[in-house]
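Below: one structure, written as structure tokens.
The values are calculated or read from the model by the stated rules, or taken from the named source; none is laboratory data. Every value quoted in this text rests on a predicted model; they were computed, and no experiment measured them. Please note: Cβ atoms are built from the backbone with ideal geometry, for glycine as well, and neighbour counts cover all protein chains shown. These area figures cover heavy atoms from the full protein model, side chains too; ligands, DNA and RNA do not enter into them. Shrake-Rupley method; radii C 1.70, N 1.55, O 1.52, S 1.80 Å.
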Amino acid sequence: MKKKALFSLVVSAIILAGCSQSEPKQLKLWYDRPAQVWEEALPLGNGRIGAMVFGDPNNELIQLNENSLWSGYPKDGNNPKGAVNLEAVRKAVNEGDYEKAAAIWKENSQGPYSARYLPLADLHMQMLSSDSTTSYYRDLDISNALSTVKFVSGGVEYKRTSFISFPDQVMVVRIEADKKQSLNFNVLLDSKLRFTTSAANDDCLILKGKAPRHVAHRAYEPEQVVYAEDEKGAGLNFEVHVRLITEGGKSVGKDSILTVENANSVTLLLSATTGFNGFYKSPVLEGTDPSVQTKKLLDAATSKTYKELLDNHIKDYRTLFDRVELNLGESLSSCDSIPTNERLSKFASDDSDNGMVTLYYQFGRYLTIASSRDGNISSNLQGLWNPHVQPPWGSNYTTNINTEMNYWPSEPTGLPECHQPLLNFIYSLSVNGEKTARINYGIDKGWTAHHNSDVWAMTYSAGDYNKDSKDLTHVTAWPMAGAWFSRHLWEHYAFGGDKSFLKEKAYPLMKGSAEFMLQWLQQDNESEYLVTNPSTSPENKFIYTDRKGNKKTGGISKASTMDIAIIRDLFTYCIEASKVLNVDPEFRQELEQACAKLYPPHLGSKGQLQEWFRDFDEVDPHHRHVSHLYGLHPGNEILPRVSPELASAAKQTLLLRGDGGTGWAMAWKINFWARLEDGDHAYLMLKNGLKHVDVSNMSVKGGGTYSNLFDAHPPFQIDGNFGGTSGITEMLLQSHGGELYLLPALPSNWPNGSVRGLRARGGFVVDMEWKGGQLTKVVIESALGGNCRIRSSIPLTSRSAQIKDAQGENPNPFNFTMKASELIKGDNAGLLQQLELKETSLIDFETEKNKKYELTNR
């Protein structure tokens, strides 16, 4: 008994040591069986090449993507009939005939659907032994971006380690055994697209492929997947090269298979490229030759040892990933004593495992790094990972929330370099968007983009020229994407303070978007305000009564709350940018005058913020989009302590919408409730979003999280992962309201914890520790200098900073407070919700560039 007790104490000591907050944690997703379906496989990526590792011991499958591999080619889908019929649409809206307005739009203002994001290839490794396996284990180590598979077969322990290197631009798979001459397996490459595979020699396999020129959007289309008649026709060319480096034994190439015989260890290198050469260039006539670049990358990687490749990869990755550490007072269960899928399922009934939240949070940052790196194409609806030739929603860029949500964590969680692909994409959209503005709307200044895009930077309104039998005008009649994207340009400047970026890149694009919006706005026929007409609230519909007294469903109207909030956002940032750069005073004045005349937000009969310019009822009261709360998040017009009536109306809106929804919709609500300073409700949305969605048992409906922690819409959309990480950050730190608000929405589930490396607007980096729900220590690093204004629930003091009570507007130009509109209350307006805001302290202190300041609880 004494021995048993002693053993238990030793085990407990080991467990406690492994969970010690003073030692760095290994953040891993792990499982005790191979993936049975794609949503259980584990993602790897370097921002360009993506892989899903299934981990089958005998028949390994690694599904591959390359982020420039899309169907189609650059095409002009702009519709000149749109400009001709725009006034007819507006007239119908002004007359209250929303059905007619939609019909005119559908018939005259739409172009083709977007291209489809495509799978690249499948890599197979087939073991030549038929022995059964035991001691199975697989994981994804997100601290180092490594995937490992281990098992025992025939008395031999096997191990496969996989990663995709950004610096060396190859995938590496290291296969090892603890007994010499034990590796015997075949390597094959195939693709769901048109391809050929051949062994170039005994150690090299080459797949040559062709993407389709067209992939259908709807099942009724007569042509579903269409390839060019010859290899010189439209459609991207692509290649995948595999090379085997054996230690002991040999490899033999025959036909389309490489066979490894009696090797001690094997390093498999994989390179892949496409002929993509820019959003405006024909992939065939002006495309690059993928064979040249693919071979070049493979040869360069071959000249390095496995250790060199691994070290390069880990050093590069950890330079980004290690910038932020989060600890939420993890319990013993966070030691990963159970597989991640079981741990996720358990969280629904026992949420004491705060380590699950930390893992989920850092997984979002991992996915950001894996799917979006500087110099590459921006992440799409499924990030980087898609196994389907006809994926849900084309795996395209859905720009009425989803693409933007992908990049919410990039600035505040220390990954501004990962924001660059989107910022570059915005430029591509502006080029094509100028044509769309001119051709579709007769607007000769500025640029626009609509709700869908693709690698070819599509900017026109989708709908297949009225061939689609569905009426989706409530989705497609939305020229607001350019204005929303402009917020990302400003945010990159606000967090980092790069004035050259603002001058040379951001402001010209923001100005172009604002120029379009100045002409898009119309003088309202019923009031003195400026309105958008036509206008939609993305993907939602309303119920109205027509002039004959009939109840009808509409989607197009005017002055949706989201439209006006986005425009006010855009104009405000353009005004601020012009002040910073000391340019365009006349243009600035024009924007200021327009801002003052924008249609104001209205309080609805239920006490909610109206979604449309009239107090219409929604067709779906619990709709996944909550677009009219854009001003609460990601915008910063609705501030509980500055515009409490707007915040109260926003709160009621959320209560009416409910706490369910798709995966990404629940992620957005985390951010909303955090901005309302309601940490427990934000946490409830996080917990709801972490509901385990088991693909093998789809009896459970609604959104949540798959076994591999991918967001479940369902089906898979990656935006919910990024929205969840963003929401947790908003619970810990906010800087959008003219101040750094520390622990603004800390839930009761996280009474103790710490975070290091969060970024705030104005170039501040924040480390915090708290205990019993109260701050104990704060370290602020100032990259730019200037005034630092801090709001906290308790007074803070410092020996390194000269603290004073904050007075008036924050003098730091990065931390201004946006002027909110007055909430209009009509005769039928409902009662406002009560806000519950805690007592806080507000202080200022001056900072110097690149200096740190420590503050503590008084």
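Annotations
- Rounded percent of accessible protein surface that carbon and sulfur make up, the chain, 1.4 Å probe: 49
- The stretch 354-445 - percent relative contact order, Cα under 8 Å, separation 6 or more: 30
- Averaging the sequence gap over all C-alpha pairs within less than 8 Å and six or more residues apart, then dividing by the number of residues, gives the stretch 430-530 a relative contact order of 27 percent.
- In terms of its Cα atoms, the stretch 590-649 spans 38, 25, 21 Å along the principal axes, sorted from long to short.
- Protection proxy ranking of 664-671, 619-626, by the mean of other Cβ atoms within 10 Å over each peptide's residues and highest first, is 664-671, 619-626.
- Helix runs (DSSP H) in the chain reaching 24 Å along axis by Cα, Kyte-Doolittle at least 0.5: 2-19, 561-581
- Among 430-439, 178-187, sorting by the average number of other beta carbon atoms lying within 10 angstrom of each residue, highest first, gives 430-439, 178-187.
- Taking a ≥ b ≥ c as the square roots of the eigenvalues of the alpha carbon gyration tensor, the stretch 363-491 is oblate, as a/c is not under 1.5 and a/b does not beat b/c.
- The label point for Gln802 and the one for Asp322, both projected 7 Å from the Cα toward the Cβ, are 3.7 nm apart.
- Extension gain, Val156 to Asn525, is 124.9 nm, computed as 0.36 nm per intervening residue step minus the present C-alpha separation.
- Taking the average, over residues, of other Cβ atoms within 10 Å as the packing measure, peptides 485-498, 274-287 rank 485-498, 274-287 from highest down.
- Here the stretch 555-600 and the stretch 662-723 have alpha carbon centers that stand 33 Å from each other.
- Local charge for Phe279 was computed over the other residues whose Cβ lies under 12 Å away, with Lys and Arg +1 and Asp and Glu -1, and equals 0.
- Partner lysines for Lys687 [C-alpha distance under 16 Å; skip if fewer than 8 residues away on the same chain]: Lys346, Lys669, Lys701
- Cα-projected label distance for Lys503 with Lys81, points at 7 Å along beta-carbon direction, nm: 4.8
- Rg/Rh ratio calculated on Cα atoms of the stretch 710-829 (Kirkwood radius): 1.05
- Simple label model, 7 Å out from Cα along Cβ direction - Leu285 to Tyr427, nm: 2.4
- Around Leu629: net Lys/Arg minus Asp/Glu count, Cβ-Cβ under 12 Å: +2
- From the alpha carbon centroid of the stretch 497-554 to that of the stretch 406-479 is 14 Å.
- Mean ellipticity per residue at 222 nm, deg cm²/dmol - from DSSP H runs of n ≥ 4 across the chain, formula -39500 (n - 2.57): -9000 deg cm²/dmol
- Local electrostatic count, Asn78, Cβ distance below 13 Å [Lys/Arg +1, Asp/Glu -1]: +2
- Förster-model FRET efficiency, 35 Å R0, Lys597 and Leu842, C-beta, rounded to 0.05: 0.60
- The residues of the chain expose on average 37 square angstrom of accessible surface per residue, using a 1.4 Å probe on protein heavy atoms.
- Relative contact order computed over the chain (Cα-Cα under 8 Å; 6+ residues apart), in percent: 12
- The separation of the stretch 115-134 from the stretch 244-266, counted between C-alpha centres, amounts to 17 Å.
- Shape call, the stretch 545-675: gyration tensor on alpha carbons, a/c limit 1.5: oblate
- log10 of Debye I(q)/I(0), alpha-carbon scatterers only, for the chain at 0.08, 0.09, 0.11 Å⁻¹: -0.72, -0.92, -1.34
- For Glu229 and Asn550, the difference between the fully extended length at 0.36 nm per residue and the C-alpha to C-alpha distance is 110.3 nm.
- Restricting attention to the stretch 391-539, lysine pairs at least eight places apart or on different chains and with alpha-carbon atoms under 21 angstrom apart total 8.
- An oblate overall shape is assigned to the stretch 809-858, the ratio a/c of its alpha-carbon gyration tensor axes (a ≥ b ≥ c) being 1.5 or greater and a/b not exceeding b/c.
- Selection from Gln224, Gly249, His214 lying farthest towards where the dipole of the stretch 213-265 points positive, charges on Cβ: Gly249
- Within the chain, DSSP assigns beta bridges of which about 95% are antiparallel (rounded to the nearest 5).
- Cα convex hull of the stretch 139-284, projected area averaged across orientations, nm²: 12.2
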